[in-house]
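Encoded as structure tokens, the structure appears first; notes follow it.
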Number of protein chains: 2
Amino acid sequence: MQRSQLVDAYPATSQVRARAFDHWIAARLQKMIEPAAVRVELWDGSSPYSGTRAPIGSVLVHDRGALIGLLLDPDLRFGEAYMSGRLEIRGDLATVVEALTRITLGAPSWRERLRGTLDRPNSLRSARRNVHHHYDLGNAFYQQWLDADLVYTCAYFERLDMTLEAAQQAKFDLVCRKLRLQPGESVVEAGCGWGTLALHMVRHYGVRVKAFNISREQLSYARERARREGLADRVEFIDDDYRNVTGDCDAFVSVGMLEHVGKAHYSSLAEVLRRVVRRSAGRGLLHFIGRDSARPLNAWTKRRIFPGGYAPTLAEVASDVITPAGMSIVDVENLRPHYARTIAHWRERFKNVEEKVSEQYGEDFRRAWELYLAGSQASFSTGWMQLFQIVFVPLETAPPYWTRAEMYERPPCAVATR
Amino acid sequence: MQRSQLVDAYPATSQVRARAFDHWIAARLQKMIEPAAVRVELWDGSSPYSGTRAPIGSVLVHDRGALIGLLLDPDLRFGEAYMSGRLEIRGDLATVVEALTRITLGAPSWRERLRGTLDRPNSLRSARRNVHHHYDLGNAFYQQWLDADLVYTCAYFERLDMTLEAAQQAKFDLVCRKLRLQPGESVVEAGCGWGTLALHMVRHYGVRVKAFNISREQLSYARERARREGLADRVEFIDDDYRNVTGDCDAFVSVGMLEHVGKAHYSSLAEVLRRVVRRSAGRGLLHFIGRDSARPLNAWTKRRIFPGGYAPTLAEVASDVITPAGMSIVDVENLRPHYARTIAHWRERFKNVEEKVSEQYGEDFRRAWELYLAGSQASFSTGWMQLFQIVFVPLETAPPYWTRAEMYERPPCAVATR
């Protein structure tokens, strides 16, 4: 994969022999990542690796600057160096990244904790800017490697042999069944992406949907699709922040937005839920990337991929969103293995178009996304990140079903189409 | 129900006309409980009730002391007065208690908060004393009104027409299916009651069980039963605190114990989980009475029924038990409607034996339990209390099933008996 090209980009350092200072840093890095059995290799081919196990891969560092960066601030600098090609991975990227992720499963570093305290909240304006950063890259970019319906959240592989497309539909049905949507009901969706869930709910469950988003490109795509599919009279795609949601609804749903809300705004979200979800027989579902321990998003991911992002713990969502909203949690499901599988699908598709992506957006961009996708898959396969779906109801309201068996007894997918 | 007898017990006050001071207090109490449409009535038959709705029942106060107590400390004094017969409920007890419970769904009072700060932790000795208070009342007492298997936790009414006995079996199967128990595996049960779940797991799922309890009466009953049923070689009933659990296990299960652990000891429980649950493919389940907002147990319930008890929020359990144990929550189910139904069954059975209970344990005791059961049913039917089942695994371990459908696809009950 363009290795020669990358090495060529750093002829000045890659031909310089490593000095004692470089070896000392390399040895320290090697010690830090010891349990991963990944070799640290310097630009002149030298390595302090002395593990008894055969290494599963190597981190090849091309210059001294990158090497120092790894020691001083690995959370940020690993990604930066990978992105710019000053660092390469030999061996299978996903395997190496997974091994490196496993060794970070322990307590957060002081740097990580400090970063957490420096987080700034998403104002209405910065929320728009942050969302623009990620989601307005151009629909064309996502169309190259997401499924045909452009669903950019964890799928649900109801059966192991499902295609990604089918698994995304199965996820929508799971969400709708958890909410027990009934024909004629009103649904508010906060953060609707390209509108696929909204359209699915309208078409298969006979509900009316108000779907909010602040990504203009996604919205215009969703509106156009609703028109084309003759559903525009039952779904409204609204260019506004979730905080400005008005009216009330039988069901509130948000898939993959909470990660972008940021901790400082959980009380606003609670406010919205309190105002919007009907006290009588109302219910809601949040689907989000979460953590087991409260810690900030990886510094590099936050800088390059998700500015303003924060993956909360279940405890944070329960005590800072659901309880202040006067709601009660009735169901939680952790779908993290399904997200690892979803991302494996995305990575396969991304691989097929990486030359095109590199041409269109630059090699740095391609490498950033390559690393981000591999890192995300590793996060979910190792347990570093979780994917929670939670269902909640107003305090005094019963859960939408008597037993959960009801969700599973019916034939899978498109249950309510008839 | 023995009203004349009770009124006779307070002839001095019940024949005294209420004075202006009494009317003033009654009016204040009436205002406090206004949304419940329950009439406050004094011993001379007078009432400040002026609601436009017909009252659903009355709280009849028999003397001035009880009246003042209700104003100063209703959380504690309502139960005390009911227990001693200085206060009666006219109308259906459960309906009135439910209406009164609904109006407490808001924020906790300063008194409730203060009580929370005064809670003392359960030492090994006080834990034993507290458990003795409740569970060593005598097996004979519980045998009169629990199901034949003596299961004193929330049942699972898989079908609405199930008997209580069948619903308790269904609960055990639900627990075992959530844990995906496999023949030959080892299970630790903390707080095993009369041993019914332990025996169920051994008999139907082919596992070996170490079951801990500090209630001697329950333990000797459980041991005797294991012997009688020829299962004694596969289940060990151990007279020890959950904190002293040793060894490791494939699955850890605790049904109805966490309520007795007390907040101050969550870190000890986390320690136990960390030590006991195998890192590789281990998993655990906690089934407990919980809350949406952190607040102490009702003062009267705590004094008379559950000394040392505390019903935690999901957030508290997640952040103070599961995360410090190095575990990850994979599933949460809130079964509160099932607990309301379970208690409705218990109350029916209790009604049938109340004369006997009164003779054996005294009328105060009978009334205390009558109120406790009605209050508990109301707690779960109104959303004042929750019943959570949570499944967790070591951080790096995948959930025990790929989709939850696997729990429900098999024929209900005693799935693994064949």
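The numbers here are math on the coordinates, done by the rules we state, and not lab data. As the structure is a prediction and not an experimental result, all values here were calculated from the model. Every residue, glycine as well, gets a Cβ built from its backbone with ideal geometry; the counts of neighbours run over all protein chains shown.
For segment A:201-284, the ratio of Cα radius of gyration to the globular rule of thumb 2.2 N^0.38 Å stands at 1.14. Each Lys and Arg contributes +1 and each Asp and Glu -1, all at the Cβ; summed about the Cα centre of chain B, the dipole is approximately 500 debye.
Just to confirm a number: summing +1 for Lys and Arg and -1 for Asp and Glu over residues other than A:Leu273 whose beta-carbon lies under 12 angstrom from that of A:Leu273, what do you get?
Numbers: positive: A:Arg243, A:Arg274, A:Arg275, A:Arg278, A:Arg279, A:Arg283; negative: A:Asp248, A:Glu271, A:Asp320.
Taking every other residue near A:Leu273 into account, the sum is +3.
A DSSP coil position with no more than 16 other Cβ atoms inside 10 Å describes the following trypsin sites (Lys or Arg not before Pro) in segment A:170-272: A:Arg234.
Three principal axis extents of segment A:249-325 based on alpha-carbon atoms, in descending order, are 44, 20, 17 Å. For segment A:3-91, the Cβ-based charge dipole about the Cα centre amounts to some 220 debye (Lys, Arg positive; Asp, Glu negative; other atoms uncharged).
Separation of segment A:365-396 and segment A:204-228, taken as the distance between their Cα centroids, equals 24 angstrom.
Spin-label model, B:Val353 to A:Arg227: label points 7 Å out along the Cα-to-beta-carbon direction sit 7.2 nm apart. Extension gain for the segment A:Ile56 to A:Ala281, taken as residue separation times 0.36 nm less the Cα-Cα distance, is 75.6 nm to one decimal. Take each residue of peptide A:151-160, count the partner chain Cβ atoms within 10 Å of its Cβ, and average: the result is 1. Out of B:Ser254, A:Ala398, B:Tyr49, whose Cα points farthest toward the positive end of the dipole of the protein assembly as shown (charges: +1 Lys, Arg; -1 Asp, Glu; placed on Cβ)? Most positive-ward Cα: B:Tyr49. Each other copy holds its own label point for B:Glu112; taking that point as 7 Å from Cα along Cα to Cβ, the gaps run 3.7 nm, nearest first.
Once you average over the residues of A:310-318, how many Cβ atoms of partner chains fall within 10 Å of each Cβ?
Partner-chain Cβ atoms within 10 Å, mean over residues of A:310-318: 5.
Projecting the Cα atoms of B:Tyr142, B:Thr323, B:Ala281 onto the dipole axis of segment B:124-417, where Lys and Arg carry +1 and Asp and Glu carry -1 at the beta carbon, places B:Thr323 farthest toward the positive end. Both radii were evaluated on the Cα set of segment A:329-418; the Rg over Rh quotient, with Rh as the Kirkwood radius, amounts to 1.17. Taking every DSSP beta bridge that has both ends in the protein assembly as shown, the antiparallel portion is near 45%.
Number of Lys-Lys pairs in chain A with C-alpha atoms under 27 Å apart and a separation of 8 or more places or on different chains: 11. One compactness figure for segment B:3-91 is 0.99, namely its Cα radius of gyration divided by 2.2 N^0.38 Å. In nanometres and ascending order, the distances from the A:Gly247 label point to those of the other copies are 6.0 (point 7 Å from Cα along Cα→Cβ). The convex hull around the C-alpha trace of the protein assembly as shown, projected and averaged over every direction, spans 38.9 square nanometres. Where only DSSP H runs of four or more residues are counted, chain B gives -13500 deg cm²/dmol as its mean residue ellipticity at 222 nm, each run worth -39500 (n - 2.57). With an 8 Å cut-off on Cα pairs and a minimum separation of 6 or more residues, tell me the relative contact order of segment B:3-91 in percent. Relative contact order, segment B:3-91: 28 percent. Taking a virtual spin label 7 Å from the Cα of B:Arg90 along the C-beta vector, which residues in segment B:26-53 bring their backbone nitrogen under 17 Å of it? Within reach of a label on B:Arg90: B:26-27, B:30, B:37-53. Working from Cα pairs under 8 Å separated by at least six residues, relative contact order for segment A:124-417 is 21 percent.
Along its three principal directions, the equivalent ellipsoid of segment B:124-417 from the Cα gyration tensor extends over semi-axes of 28, 21, 20 Å, largest first.
Projecting the Cα atoms of B:Leu297, A:Leu335, B:Phe380 onto the charge dipole of the protein assembly as shown (Cβ charges, centred on the Cα centre) puts B:Leu297 farthest toward the positive pole.
Sorted shortest first, the separations between the A:Ile68 label point and its copies elsewhere in the assembly read 7.9 nm; each point sits 7 Å from Cα along the Cα-to-Cβ line. Charge dipole (Cα centre; +1 on Lys/Arg Cβ, -1 on Asp/Glu Cβ; no other charges) of the protein assembly as shown amounts to roughly 880 debye.
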